[in-house]
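Each remark here refers to the structure printed beneath this line.
Every number in this text was worked out from the coordinates using simple rules, so none of it is lab data. What you see is a predicted model; the values in this text were computed from it and never measured. For neighbour counting, all protein chains shown are included, and Cβ atoms are generated from backbone atoms with ideal geometry for every residue, glycine included.
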Amino acid sequence: TGLTALDYGFVNTASTQSEITYIDGEQGILRYRGFPIEQLAQHSTYLEVAWLLLYGSLPTADELGEFDERIRRHTLLHEDLKRFFSALPHTAHPMSVLSSAVSALSTFYEDSSDPHDLHDIELTMIRLLAKLPVIAAYAHKKSIGQAFLYPDNSLSFVDNFLRLNFGNMAEPYVIDPVLSKALDRLLILHEDHEQNASTSTVRLVGSTGANLYASISAGIQALSGPLHGGANEAVLQMLAQIRDSGEGVAKFVERVKRKEDGVKLMGFGHRVYKNYDPRARLVKESADEVLAGLGVNDQLLDLAKELEQIALEDDYFKERRLYPNVDFYTGVIYKAMGFPMRMFTVLFAIGRLPGWMAHWREMNLDPQTKIGRPQQLYVGEPERRYPGA
Ligand code: CMC
């Protein structure tokens, strides 16, 4: 028609206006609702930032208290949903379990998931914030063959989650404040990142009028890919492979530059950041601190630093403006916390949930919203005649 601009990967096309997150990729700036990520990471909490993303301003102490209280009251999973886990193989990837269980949540709450009813939207958001960590912890427990614990609503959001993952039936769980603080901080760094692939997926699914559970379930699947959230797991696999093969960092980087078998430096590069990812800077700062605080010494952290150093000084990476992204150092910290590799992207999903919901909500409240429907340029066969027709 001549009207359609071709834009593979949506490099140039804005699909929406948004008031939630600002990124300046040239300068490495990230702000949620105007607040610099560095300040939020230092002074705020995951739930406070969730409120900020959803409603646009920092909550008062009363608002935050009520929000927290409501979330605590919705942590229990329906017993039938708990049985759903036993139908899946114990080898299932926790990201697939997470997405399937969130999708299944919609079957339990069909009568209160109207995407146009404000009361339903608020309730669904509370349910998701409360239940996603529980589902995630059960996906973990299932993968290691341990019994599911019931949530303990006297604990904070993060402590409850840690206990569900690392506690067991036989002994009381001892909270480690270093662990809680570090995890809360990492979750904040993941809370939103404007129109990335998973958020765009959530918006696209939501634009059809599908409910929030369906949209979030799709977002989790989009996040699972190694070019997106799955990169945090892929980074650790890469580091372990470099260590175990004994090939050395420099040789590995040479293979990346030759694009041998499509091998990439996982945890490097970003569509928007052409400068150091500000989240990666904060995660890197945390890594030494957290590992020391937890009394862990991991060779993989040294390897990661060596790899970063070599890459940053290399023309291939300089010319292409490739820097570490948020996923480069997180895996080393998650590992030190005791999470298995396959849980890393699940942690990213818990972090990103508020952002996904904020975008879904913003879209549903925007009178200009239309169903998402990209165009194409048809380059196939012209009209042909079926034999004998
Ligand atoms: N290692 C080696 N080369 C790379 C890398 C990398 N990690 N990333 C990009 N390049 C090269 C790419 O091959 C291309 O080179 P050439 O011009 O010779 O063809 C050039 O840099 C431009 O890359 P691109 O693929 O056009 O960039 P993109 O904006 O389409 O992709 C990306 C962005 C994040 C998918 C990509 O950088 C990548 O695959 N990185 C590794 C995976 C990763 O760490 N993903 C996490 C992203 S941040 C958090 C999140 O979204 O979850």
Q | Rounded, prolate or oblate (a/c below 1.5 giving rounded, otherwise prolate when a/b exceeds b/c) for the range 231-337 by Cα gyration tensor | A | oblate
Q. Taking R0 as 45 Å, what's the FRET efficiency between V296 and V379 from their Cβ-Cβ distance, rounded to 0.05?
A. 0.25
(Q) Please report the projected area of the chain's Cα convex hull averaged over all directions, in nm². (A) 24.2 nm²
Q: Go ahead and estimate [θ] at 222 nm for the chain from helices alone: -39,500 (n - 2.57) per DSSP H run with n ≥ 4, summed, over the residue count, rounded to 500.
A: -17500 deg cm²/dmol
Q. Of K141/K284; K142/K181; K142/K284; K264/K335; K181/K335; K259/K318, which sit over 19 Å apart, Cα to Cα?
A. K141/K284; K142/K181; K142/K284; K264/K335
**Q.** Extension gain, E69 back to A170 (0.36 nm per residue minus Cα-Cα distance, nm)
**A.** 33.6 nm
Q: List the DSSP H helices in the chain whose Cα atoms stretch 27 Å or more along the helix axis and whose mean Kyte-Doolittle hydropathy is at least 0.0.
A: 118-144, 344-365
Q. Could you give the nm distance between label points at R258 and I144, where each point is 7 Å from its Cα heading toward the beta carbon?
A. 4.0 nm
Q | Rel. contact order, % - alpha carbon contacts under 8 angstrom, at least six apart, the range 193-270 | A | 22 percent
Q: Would you tally the net charge around L155, using a Cβ to Cβ cut-off of less than 14 Å, leaving L155 out, and scoring K and R as +1, D and E as -1?
A: -3
Q.
Projecting each Cα onto the charge dipole of the chain (Lys/Arg +1, Asp/Glu -1 at the beta carbon, about the Cα centre), which of G262, A304, L30 comes out farthest on the positive side?
A. G262
